[in-house]
Amino acid sequence: MTNTLRTRVAIVGAGPAGLLLSHLLAASGIESVVIDSRTRDEIESTIRAGILEHGTVRVLDESGASDRVLTSGRRHDGIELRFEGEGHRIDFSSLTGRSVWLYPQHEVLKDLIAARLAGGQDLRFGVTAERIEDAETARPRVVATDADGTSLEIEADFVVGADGSRSIARAAVTGSSTGGYFREYPFAWFGILCEAPPSSEELIYSNSPNGFALISQRSATVQRMYFQCDPGADPHAPSEAELWDALQSRVPGTTLKEGRIFQRDVLRFRSFVAHELRRGRVALIGDAAHTVPPTGAKGMNLAIADVLLLEKALRALLEDGDERAIDAFPEKALRRIWKAQHFSWWMTSMLHVAPDASDFDRRRQIGELRSVVESEAGRAYLAEAYTGWPFED
């Protein structure tokens, strides 16, 4: 037996992109159905990074998607670049008039889910999308399975794939689940969560001969830190003492405040951009369309930019029958996507030590860092990109 559901927009994936798109469409009176294979608890409890650009915070606040981002999030007016044992502050406020907010992604998801359920959203957890059919017709369909194994088909005027880096929707757009431009980096991040007070008021991005480290925060009592490691590293192999030694050796000149480590993981580095972002009445946004290394803090922010463009295009298409904006969506979205890819690659290559780096490479890297911190134009470029370029329209 197959249950059939009809809606205006079917959204595969209850991540930040899918949920915010549903939220904005509802404000324009366009109904949607959002499905996700995960449970609500899995979505809300998976701890992820959360540096929000200035524009992202405005969107979440002014749309009513989050009433906590400004009250619970922590505004950061700069970051520190550390190399050769010295720290150099990049002052976002003085350089751009903008800031970023430290507000973890799982907290954004809690806010979005609460807002959508309060608004009567048809939000279905535990529903697994299997494929998307009839992409080039006026009635594309999502073929899925409910948590109890019942077949479900969702007929829509438009389908959006917001289902992450292992997207099922991608095949309907590009012809392949892996269809895209891809780059894998020869290093990863070893991440820890620990019970400790902050080691710094702002994030520290540290380049050292031993490799990169990022000293971040989560709250007054829980901190998030990363250090460069081999992609095949076993997160359970090092002792706590070894982990603190590795971190401390990569931030010379700063004394880290240590505490019990209660979570550890290894985050691999990949860059990806799908060959196509739209086919007929199916489009990709967020990690289904692109992924970036975390060094530039662009992942979720780039997804929000996709949403703003697509939501405007869908309003024009579904309310007025105007296809111009949806036709222009891929080109407009890709402008920002490739800028973000470049910035993320630039930050990554400038701060990490490649496994095959020579003495020349190391000295050139220090020269690059000095070119940034000793130049107002260099600092301004980093600040503008990190805090976020203006959203189109």
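Protein heavy-atom surface of segment 10-145, 1.4 angstrom probe: 43% of the accessible area is carbon and sulfur, with nucleic acids and ligands not counted.
With 23 Å as the limit on Cα-Cα distance, the pairs of LYS110/LYS298; LYS110/LYS339; LYS312/LYS339; LYS298/LYS332 that go past it are LYS110/LYS339. Averaging over all projection directions, the Cα-based convex hull of segment 281-393 occupies 8.4 nm² in the image plane.
Calculate I(q)/I(0) for segment 69-178 by the Debye formula, one identical point scatterer on each C-alpha and no solvent, and give its log10 at q = 0.09, 0.15, 0.23 Å⁻¹ to two decimals. Taking Cα atoms of segment 69-178 as identical point scatterers yields -0.47, -0.85, -1.27. Could you work out how much longer the chain between THR150 and ARG362 gets when fully extended? Use 0.36 nm per residue separation minus the Cα distance between them, nm to one decimal. Between THR150 and ARG362, full extension yields 70.6 nm more. Taking the inverse of the mean reciprocal distance over all distinct Cα pairs, the Kirkwood hydrodynamic radius of the chain comes to 21.8 Å. One Cα centroid belongs to segment 250-271, the other to segment 195-244; the line between them spans 1 Å.
Distance distribution note for segment 181-258: the fraction of Cα pairs above 20 angstrom is 30%. Could you compute the FRET efficiency for ARG6 and ASP327, with r as their C-beta to C-beta distance and R0 at 22 Å, rounded to 0.05? That gives a FRET efficiency of 0.30. Computed with a 1.4 Å probe on the full set of protein chains, the accessible area for ASP356 sits at about 130 Å². Both radii were evaluated on the Cα set of segment 142-228; the Rg over Rh quotient, with Rh as the Kirkwood radius, amounts to 1.19. Helix 105-118 and the longest principal axis of the Cα set of the chain meet at an angle near 30°. Checking every one of the trypsin sites (Lys or Arg not before Pro) in segment 156-255 against DSSP loop status and a limit of 16 other Cβ atoms within 10 Å picks out ARG166. Per residue, the convex hull around the alpha carbon atoms of segment 1-122 comes to 137 Å³.
Would you please give the FRET efficiency between ARG270 and GLU133, computed as 1/(1 + (r/R0)^6) with r the Cβ-Cβ distance and R0 = 30 Å, to the nearest 0.05?
Using R0 = 30 Å, I get an efficiency of 0.55.
Against the longest alpha carbon principal axis of the chain, how many degrees, from 0 to 90 and to the nearest 10, is the axis of helix 240-249 turned? Taking the Cα atoms of the chain, the angle to 240-249 is about 70 degrees.
Beta bridges per DSSP, both residues in segment 4-113: antiparallel share near 75 percent. The Kirkwood hydrodynamic radius of segment 272-324, based on inverse pair distances between different Cα atoms, is 12.1 Å. Computed over protein heavy atoms with a 1.4 angstrom probe, the accessible surface ordering of THR7, THR2, THR255, THR145, largest first, is THR255, THR2, THR145, THR7. Beta bridges from DSSP with both residues in the chain: antiparallel share about 70 percent, rounded to the nearest 5. Dividing the helix sum by the residues of the chain, where each DSSP H run of 4 or more adds -39500 (n - 2.57), gives a mean residue ellipticity at 222 nm of -11000 deg cm²/dmol. Based on alpha carbons, the Rg and Dmax found for segment 320-380 are 18.4, 61 Å.
In the full protein context, segment 79-147 carries 40 Å² of accessible surface per residue, based on a 1.4 Å probe and ignoring ligands, DNA and RNA.
Measuring nothing but protein heavy atoms, the accessible surface of segment 285-393 at 1.4 Å probe radius is 51 percent carbon and sulfur. Relative to the current alpha-carbon distance between LEU334 and GLU374, full extension at 0.36 nm per residue lengthens the span by 11.2 nm. Projected onto its three principal axes, the C-alpha set of segment 204-347 covers 62, 29, 27 Å, listed from the longest axis down. How far is helix 359-373 tilted off the main Cα axis of the chain, in degrees rounded to 10, range 0 to 90? The angle comes out at about 70 degrees.
Evaluate the Debye formula for segment 212-295 with equal point scatterers sitting on the alpha carbons, no solvent, and hand back log10 of I(q)/I(0) at q = 0.17, 0.25 Å⁻¹, in q order, two decimals. Debye output, listed in q order: -0.80, -1.33. Please state, as a whole number in µm²/s, the translational diffusion coefficient that the Stokes-Einstein equation yields for segment 95-149 at 20 °C and 1.002 mPa s, with Rh defined as the Kirkwood radius across alpha carbon pairs. Taking Rh from Cα pairs, D becomes 144 µm²/s.
Descending by average beta-carbon neighbour count within 10 Å, the peptides 200-209, 285-294 line up as 285-294, 200-209, the highest first.
D by Stokes-Einstein for segment 113-258, Kirkwood Rh over Cα pairs, 20 °C, 1.002 mPa s: 110 µm²/s.
The values are calculated or read from the model by the stated rules, or taken from the named source; none is laboratory data. Remember, predicted model here, so these are calculated numbers, not experimental data. FYI the Cβ positions are ideal-geometry reconstructions off the backbone, even for glycines, and counts take in every protein chain you see. Each accessible area value is taken on the protein alone, full model and side chains, heavy atoms only, with ligands, DNA and RNA left out. Shrake-Rupley method; radii C 1.70, N 1.55, O 1.52, S 1.80 Å.
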